[in-house]
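Trainee: Handing you a structure now.
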Amino acid sequence: MILARETCRQRSSTLLVYFGSTMLIMMFYIASSYVNITEDVIQNITGDTFVGDRLECKNNEGNGGVANYYLTDGGYASVRQSTFTKCESRYNGGAFSISINFGSIFELIGLCYFQECKSTSSTSPGSFGGGGAIYASIIQPNSKFIIKDGVIFEYCSSHYQGGCLYLLADLDGYVDINNASLSYCSANEGGAIYSYSGIRSKQVLNKIRIENCESKSGGGLFADIRIGGSVILDEQCEIINCSGSEGNGGGIYANINFTPQQCIFKINDAIIQYCKARFNSSLVYPTGYGGGLFICGSGNYNASTNYLDFHGLKIFNNSADNKGQSMYIAIPKVAEWCQSGILGEYVKGNYNNKNSSLDDLYGIPIDLTQFNASS
């Protein structure tokens, strides 16, 4: 087992990386660091501070202001109790761009601070991209991206997707976020988090607070779920005062493709409060729908699976310039979903048929393409 304690400091244009007793000299700034981690290699960053104003964590040409990690074949890397301020990349991951493959693990642990980090390009060299602080792709079984124990993101931004985090999980990849705070962040889609869940992948959020974040759609969270993927808001999740400023879904925008496999989107325990969806007259598609949540998709949802389950949803004081003050749903089988269980129990959360406003929940049996073409 090799312990790769990375002590990286900029010296002229030389990056010193220590792997145990072996020193590798790489003729780059730290912002240009590409780190390849394979089986039986452990790499840690602990108690360090990186500041963009000192050019310690800027990459104006590519991915990852601090480092561009590639983990494969059981590799492991972690960041613990470190601070990243004004880190910047052109494309993916203002601080870190991380590719996690074939049973590898990346962990972000303890009181780590990401402040004013950003990815600056409005496009990506691939089909996916962004992440003002972190971009992570998690591919293959037993590959994991983990955040835990009080990580804080503030004032991070992406001109593309995911103001703080861009999370792409596929082919059984796994994401576990437990105890994190994301505030005052912004992006084109997913003001705090952009989440893509593909084939049999799973993303679980626990004890996460998203506050005062903004994007065109999905002010707090933008979830794209396909081919048997799943997203679960499991315990003590809060999305507060977020805004879909030029689109839909002030708190959450979820686009779910039920073809060719059913997908899972569950809210076991979450509060969505004071979120807003704003109308934009300059756009050709409908805007201002779903102040708290905008749920859309394609294909036919099988209501007997109970894979869409909002039992633990609590919605308070959200607003939309058009319909669905708390939630707007545009999926072909919305009626079947609402009729499953007892009195719409899988859909309505804490909505009360007697006391809640009729404008809070609104559904229409069409897919996203039809919705975007409507007026």
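Trainee: Work from the charge dipole of the chain (Cβ charges, +1 for Lys and Arg, -1 for Asp and Glu, about the Cα centre) and give the residue of Gly198, Tyr328, Phe102 farthest towards its positive end.
Mentor: Sorting the options by dipole projection puts first Tyr328.
Trainee: Considering only protein heavy atoms and a 1.4 Å probe, what is the carbon-and-sulfur percentage of the accessible area of the chain?
Mentor: Result for the chain: 47 percent of the exposed heavy-atom area is carbon or sulfur.
Trainee: Report, largest value first, the span of the C-alpha coordinates of the stretch 106-179 along each principal axis, in whole Å.
Mentor: Cα extents, longest axis first: 32, 31, 12 Å.
Trainee: For the stretch 49-373, give the magnitude of the charge dipole about the Cα centre (Cβ charges: +1 Lys/Arg, -1 Asp/Glu; no others), in debye to the nearest 20.
Mentor: For this selection, approximately 120 debye.
Trainee: Subtract the Cα-Cα distance of Ser375 and Ala335 from 0.36 nm times their separation in residues, and report this length gain in nm to one decimal.
Mentor: Here the answer is 12.2 nm.
Trainee: Considering the Cα positions of the stretch 316-375, please state its Rg to one decimal place and its Dmax as a whole number of Å.
Mentor: 12.1, 34
Trainee: Is the stretch 234-353 rounded, prolate or oblate when judged by the Cα gyration tensor, a ≥ b ≥ c being the square roots of its eigenvalues, rounded requiring a/c under 1.5 and prolate requiring a/b larger than b/c?
Mentor: The shape class here is oblate.
Trainee: Taking 25 Å as R0, compute the FRET efficiency from the Cβ-Cβ separation of Phe316 and Leu111 and round it to 0.05.
Mentor: Step by step, r from the Cβ atoms, then E = 0.25.
Trainee: If you don't mind, there's one more thing I want to ask. With r defined as the distance between the Cβ atoms of Asp53 and Asn179 and R0 fixed at 41 Å, what FRET efficiency is calculated, to the nearest 0.05?
Mentor: So the FRET efficiency works out to roughly 0.90.
Trainee: So what is the accessible area of the chain per residue, in Å², with the probe set to 1.4 Å?
Mentor: Counting only protein heavy atoms, the per-residue value for the chain is 39 Å².
Trainee: Ranked highest first by the average count of other Cβ atoms within 10 Å around their residues, in what order do 81-92, 212-223 fall?
Mentor: 212-223, 81-92
Trainee: Along the Cα→Cβ direction, 7 angstrom out, place labels at Asn36 and Ile199. What is the inter-label distance in nm?
Mentor: 2.5
Trainee: Among Ser82, Asn350, Leu313, which residue has its Cα furthest toward the positive end of the charge dipole of the chain, with +1 on Lys/Arg Cβ and -1 on Asp/Glu Cβ?
Mentor: Value: Ser82.
Trainee: Of all beta bridges DSSP finds with both residues in the chain, what is the antiparallel percent, to the nearest 5?
Mentor: Rounded to the nearest five, the antiparallel share is 5 percent.
Trainee: Next up: Return the sequence-ordered ³J(HN,Hα) values of the stretch 160-166 in whole Hz as given by the Karplus equation 6.51 cos²θ - 1.76 cosθ + 1.60 applied to θ = phi - 60°, using x for Gly and Pro.
Mentor: After applying 6.51 cos²θ - 1.76 cosθ + 1.60, I find 10, 10, x, x, 9, 10, 10 Hz.
Trainee: Net charge around Ser304, counting only other residues with Cβ within less than 13 Å of its Cβ (Lys, Arg = +1; Asp, Glu = -1)?
Mentor: Cβ neighbours under 13 Å give a net charge of -1.
Trainee: Beta carbons within 10 angstrom, averaged per residue: use that to sort the peptides 340-352, 199-211, highest first.
Mentor: So the order, starting with the most tightly packed, is 199-211, 340-352.
Trainee: Could you give each residue of the stretch 240-247 its phi-based ³J(HN,Hα) in whole Hz, using Karplus coefficients 6.51, -1.76, 1.60 with θ = phi - 60°, and x for Gly or Pro?
Mentor: Along the stretch 240-247, the couplings run 10, 6, 9, 9, x, 6, 9, x Hz.
The values are calculated or read from the model by the stated rules, or taken from the named source; none is laboratory data. Because the structure is a prediction, the values reported are computed rather than measured. As a convention, Cβ positions derive from the backbone with ideal geometry for all residues, glycine included, and neighbour counts pool all protein chains shown. SASA here: full protein model, heavy atoms, side chains in, ligands and nucleic acids out. Shrake-Rupley method; radii C 1.70, N 1.55, O 1.52, S 1.80 Å.
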